[in-house]
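Some notes on the structure that comes next.
Quick note: the coordinates plus some simple rules give every number you see, no bench work behind them. Everything quoted here is computed from the prediction, not taken from an experiment. All Cβ positions, even for glycine, are placed from backbone atoms using ideal geometry, and neighbour counts span all protein chains on display.
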Amino acid sequence: MTQRLNISSGAKWEDIIGYSRAVRIGNVVEVAGTTALDENGNAVGIDNPYQQTKFIFAKIEKALISAGASLKDVVRTRMFVTDISRWEEIGRAHGEYFREIKPVATMVEVKSLISPELLIEIEVTAIIQDSQ
């Protein structure tokens, strides 16, 4: 039986809603939708989707490391944005993290996120490769 590892970021919402920042089962790591809220619950990068995207990928990287993975293991990114016309700013930040890795990527516009100052929410899937 494959062991399940739940990764917590310590956010108060994890217990209230009942979710983990990331879950690893076997060599697969799923990272929950991540926004640009800092450890105090304050939005980072107000009206700056580039800055929010970079902040989110740094948070995601910490969760991946806690699960024994890295950004190099990411095979899919899913980006939910509140204004698709700003895709180039978001795409530039994505490229800074994944230009060489090139995971499959989805970017879709949504009506809103949980707080109006949040412009983007990102999920990732990582598959940890056996070291050979």
Exercise. Is it true that Arg86 is more than 16 Å from the chain's Cα centre (by Cα) and either touching a residue at least 24 places away in the same chain (Cβ under 8 Å) or farther than 21 Å from Ile65 by Cβ (or both)?
Worked result: yes
Problem set entry | Failed condition for Met79, given (1) part of a helix (DSSP H, G or I); (2) out of contact with any Pro (no Cβ under 6 Å at 6 or more places or on another chain); (3) not basic (Lys, Arg) | (1)
Problem set entry | Subset of the range 83-101 (residues that are surrounded by 16 or more Cβ atoms within 10 Å (Cβ to Cβ), under 19 Å from Glu117 (Cα atoms) and in contact with a strand residue (DSSP E or B) (Cβ under 7 Å, 6 or more places away or on another chain)) | Ile90
Exercise. Counting only residues that are in contact (Cβ under 8 Å) with a residue 40 or more places away in the chain, part of a helix (DSSP H, G or I) and of a type outside the set (Val, Ile, Thr), how many does the range 89-130 have?
Worked result: 6
Exercise. Quick check: anything in the range 20-35 in contact (Cβ under 8 Å) with a residue 60 or more places away in the chain, surrounded by 15 or more Cβ atoms within 10 Å (Cβ to Cβ) and in a helix (DSSP H, G or I)?
Worked result: no
